[in-house]
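The values are calculated or read from the model by the stated rules, or taken from the named source; none is laboratory data. As the structure is a prediction and not an experimental result, all values here were calculated from the model. Here Cβ is always computed from backbone atoms with ideal geometry, including for glycine, and neighbour counts include all displayed protein chains.
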Amino acid sequence: MRTTTPLYIHNRPGDLPHETLRVYEATKTFTTGPAALDKVSFGLKAGEFTVLLGPSGSGKSTLLRAAIGLVRLTSGTIKVSVERGIAPEKRKRPAIGMVHQDGSLSDRLTAAQNVLSAMAPQMGWLRVLFQAYPKHLQDKACRLLDRVGLTEDQANRPVRELSGGQRQRVGIARALMNDPTLILADEPVASLDPATARKVMLLLRETAREFGATVLCSLHQIELACELADRILLLRQGQLIFDGAASDMSPRSLAGLFEQDSAGRPFDLVGG
Amino acid sequence: MQTGSVSPGSGRSSAHTWALKPVFSARTVGLVILVLLVLAYSAHRMQLDDLVGRLAGMAVNAATSESGDAAADPGEGVLERMFPLAIAERTPIDRIADFDPEDLPLFAHLETAPEEVSTLDPDTLQMTTRTVEKTVLVKPAGYLVLVIRKIIETIEIALWASLIAVVMSLPLAWLSARNYSPHWLSYVTARSGVSFLRAVPELISALFLVLAFGFGPIAGILALALHSAGFLGKFYAEDIEAADKRPQEAMRAMGAGSFATLRLAVLPQVLPSYAALTLYVLDRNVRMATVIGLVGAGGIGQELKGRFDMFQYDRVGTILLVIFITVLLLDQLAAHVRRKLL
Ligand SMILES: Nc1ncnc2c1ncn2[C@@H]1O[C@H](COP(=O)(O)OP(=O)(O)O)[C@@H](O)[C@H]1O
Ligand SMILES: [Mg+2]
């Protein structure tokens, strides 16, 4: 399941990276069907908040999963720079945080235990077995949960007892737990109502900014993307068809790009 | 992403010409008939038709003749001879070594009872029967206490067997879960091992284990533990395989290995199911522990077999009643624990 496709560049201390993420001609063909990703190339500057837009099945998840090593590319390269955090050479991989769609938390563990689980790869097996994390990590998890807007009581509740919006907040806290330079988010608000979705997206942008993390977030809500993104990447049928500043684009013209070529069928607004 | 074959523009037929699929197809009906035929054939082989005839015969007999020929039917009278149930334990004092009449056990008392003793008269070479007064020590609930001690031993056998089974089956489940087994070879080995354990009935393995370890609880514990480990290993593994993949993927994305993923993303999910399975195994082991006692593997079953072979049906009756009450109580307990856990 774990692959080594993404290449992790460890910068020397003081060496500011030009780009946090560089994707070069990323191509992915599954055993069936056309290419899910077709020579996608782009780079993300440090600190950028980029939204990956595209209809269902356009390859958003595949791209994000390839960047974190859950999918092995057929060809092409993905490079991630690591520039800060705890002794990078001790890490198996750079600090990338990922926010998934709903359902990615262990729903019988408490919110705090879920956030702390981000540190499990760095812990010994006994600590993992008993979920006995060092005190400074517990404190950090509490601060993060507080930051994303949960109460002490909610932090100690199994996440299945939290609302969808609260669960995604926990997901954001979990993604921030290991001081990521890059946060990947795969439709983090797909299961939320528009008002909650906007709040959670705003939170993601704010916290990422505070932590100095670069964000690549897939969405299918055009309006939300135009409101929040520094930059928009538009993916259709595995191809990058638009890459530019959100301010240059009106939601209407973006919607036009969406609907082009889709055989008269309206764009499916439900993300896959 | 095609959705269905009905496209609004083309080939629309009016609703009254639609043909709806019948609920039962000809194939289903044929299959049901086939199954019924096979069952009828099998019922004949199992002499089930004979059973119906015999039951009818018994009913007719019971209705017509009050007193059947008791000697003709060995099963006759067993039920009557179970009552009154044996509660007390009566031991003639001459069979007790170092009997001290001043120091009786708690609640016990002495009774003198006439007993018929047959002796061979050396002169006439005839058997003569005399009645002698014998003193017996009566413990009012002596036998009941013994049976309860035995049933506690049985429950202990079941508890230990279940505990060993759980400990054994956790690594077995890990190795025989397709998505977590470290190697296909370990997967195949563990899977076949688990199937083998499950395939050997407790009663058979108990027979062998009694040969190896002698009469007593060890054979029983091991026999039950091996079988239960096979059962739990299989179902634990299937729970692992069926667990929601999304939390596991999130753990992988954070760079977690198999152990951390199993502990943090799989175990919390499968724990309620594990608890239910384990309770079921415990419940089943209590019942099976009485059965394997029959082959000498300790517990109440061993006592039951002994009394049955000595035709002491009043004691058999007591044992059966105590087993019944125990199973009933454990059932209540298990239901309670299950409610608490799920
Ligand atoms: N594991 C897989 N096996 C086969 N095809 C897949 C797999 N994952 C995704 N695909 C295909 O790749 C394409 C892109 O999927 P995905 O990246 O999930 O799109 P999006 O997230 O934009 O909805 C789709 O056509 C989908 O059917
Ligand atoms: Mg997707």
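Kindly indicate whether A:VAL200 is more than 16 Å from ligand 2 (Cβ to nearest atom), farther than 25 Å from B:VAL266 by Cα and either at pLDDT 95 or above or more than 10 Å from chain B (Cβ to nearest Cβ) (or both).
So A:VAL200 passes the test.
Could you please let me know if B:ARG149 is in a strand (DSSP E or B) and under 22 Å from B:LEU321 (Cβ atoms)?
Spelling it out, it is not the case that B:ARG149 is in a strand (DSSP E or B) and under 22 Å from B:LEU321 (Cβ atoms).
Rundown of residues vs (1) surrounded by fewer than 17 Cβ atoms within 10 Å (Cβ to Cβ); (2) at the interface with chain B (Cβ under 10 Å from one of its Cβ atoms); (3) of a type outside the set (S, T, N, Q); (4) part of a loop (DSSP other than H, G, I, E, B), yes/no style:
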| position | (1), (2), (3), (4) |
| --- | --- |
| A:LEU105 | no, yes, yes, yes |
| A:ALA112 | no, no, yes, no |
| A:VAL115 | no, no, yes, no |
| A:LEU126 | yes, no, yes, no |
| A:LEU129 | yes, yes, yes, no |
| A:TYR133 | no, no, yes, yes |
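With respect to A:PRO121, determine if the residue is part of a helix (DSSP H, G or I), more than 16 Å from ligand 2 (Cβ to nearest atom) and touching a Gly at 6+ places or on another chain (Cβ under 8 Å).
Against the criterion (part of a helix (DSSP H, G or I), more than 16 Å from ligand 2 (Cβ to nearest atom) and touching a Gly at 6+ places or on another chain (Cβ under 8 Å)), A:PRO121 qualifies.
In the list B:LEU264, B:LEU330, which residue meets the criterion of being touching a helix residue (DSSP H, G or I) at 6+ places or on another chain (Cβ under 6 Å) and crowded, with 23+ Cβ neighbours inside 10 Å?
None of the others qualify; the one that does is B:LEU264.
Of these, A:ARG157, A:ARG147, which one is away from chain B (no Cβ under 13 Å) and touching a residue at least 60 places away in the same chain (Cβ under 8 Å)?
A:ARG147
If I filter segment A:33-53 down to residues being near ligand 1 (Cβ under 10 Å from one of its atoms) and over 15 Å from the mean Cα position of the chain (by Cα), which single residue comes out as nearest to A:ALA229 (Cα to Cα)?
Result: A:LEU37.
State the number of residues belonging to segment A:54-80 that are more than 13 Å from ligand 1 (Cβ to nearest atom) and more than 11 Å from chain B (Cβ to nearest Cβ).
Qualifying residue count for the region: 6.
For the structure I just gave you, tell me whether B:LEU203 is more than 12 Å from every other protein chain (Cβ to nearest Cβ), without any contact (Cβ under 8 Å) to a residue 60 or more places away in the chain, surrounded by fewer than 16 Cβ atoms within 10 Å (Cβ to Cβ) and assigned to a helix (DSSP H, G or I).
No; evaluated as a whole, the condition is false for this residue.
So which of A:GLN237, A:GLN221 ends up being within 16 Å of ligand 1 (Cβ to nearest atom), surrounded by fewer than 20 Cβ atoms within 10 Å (Cβ to Cβ) and not aromatic (Phe, Trp, Tyr)?
A:GLN237
Suppose we filter A:ALA141, A:ALA132, A:ALA208, A:ALA190 for residues that are within 16 Å of ligand 2 (Cβ to nearest atom), among the aliphatic types (A, V, I, L, M) and out of contact with any Lys or Arg (no Cβ under 6 Å at 6 or more places or on another chain); which single one remains?
Result of the check over A:ALA141, A:ALA132, A:ALA208, A:ALA190: A:ALA190.
So, B:VAL23, is that one in a loop (DSSP other than H, G, I, E, B), surrounded by fewer than 10 Cβ atoms within 10 Å (Cβ to Cβ) and at pLDDT 80 or above or not?
yes
Name every residue in segment B:208-239 that is assigned to a helix (DSSP H, G or I), surrounded by fewer than 22 Cβ atoms within 10 Å (Cβ to Cβ), more than 21 Å from the chain's Cα centre (by Cα) and more than 14 Å from chain A (Cβ to nearest Cβ), in order of residue number.
Those that are assigned to a helix (DSSP H, G or I), surrounded by fewer than 22 Cβ atoms within 10 Å (Cβ to Cβ), more than 21 Å from the chain's Cα centre (by Cα) and more than 14 Å from chain A (Cβ to nearest Cβ): B:LEU211, B:ALA212, B:PHE213, B:GLU238.
Scan segment B:38-51 and tell me whether some residue there is basic (Lys, Arg) and either modelled with pLDDT of 85 or more or surrounded by fewer than 10 Cβ atoms within 10 Å (Cβ to Cβ) (or both).
Scanning segment B:38-51 turns up at least one residue that is basic (Lys, Arg) and either modelled with pLDDT of 85 or more or surrounded by fewer than 10 Cβ atoms within 10 Å (Cβ to Cβ) (or both).
Listed here are the residues, each with its yes/no results for (1) surrounded by fewer than 24 Cβ atoms within 10 Å (Cβ to Cβ); (2) away from ligand 1 (no atom under 16 Å from the Cβ).
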{"position": "A:ALA173", "(1), (2)": "no, yes"}
{"position": "A:PRO180", "(1), (2)": "no, yes"}
{"position": "A:SER191", "(1), (2)": "yes, no"}
{"position": "A:ARG198", "(1), (2)": "yes, yes"}
{"position": "A:ALA208", "(1), (2)": "no, yes"}
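Report the residue count in segment B:133-157 for those that are in the same structural domain as B:PRO105 (by TED's automatic domain parsing) and either loosely packed, with under 10 Cβ neighbours inside 10 Å or acidic (Asp, Glu) (or both).
So the answer is 1.
Within segment B:159-169, identify whether any single residue is under 28 Å from B:ARG315 (Cα atoms) and crowded, with 21+ Cβ neighbours inside 10 Å, and answer yes or no.
yes
Here are some conditions: (1) away from every other protein chain (no Cβ under 14 Å); (2) crowded, with 24+ Cβ neighbours inside 10 Å. B:ALA256 meets all but one. Which one does it not meet?
The failed condition is (1).
Read through the list (1) touching an Asp or Glu at 6+ places or on another chain (Cβ under 8 Å); (2) hydrophobic (A, V, I, L, M, F, W, C); (3) more than 24 Å from B:ILE204 (Cα to Cα), then give the number of the only condition that B:VAL266 fails.
The failed condition is (1).
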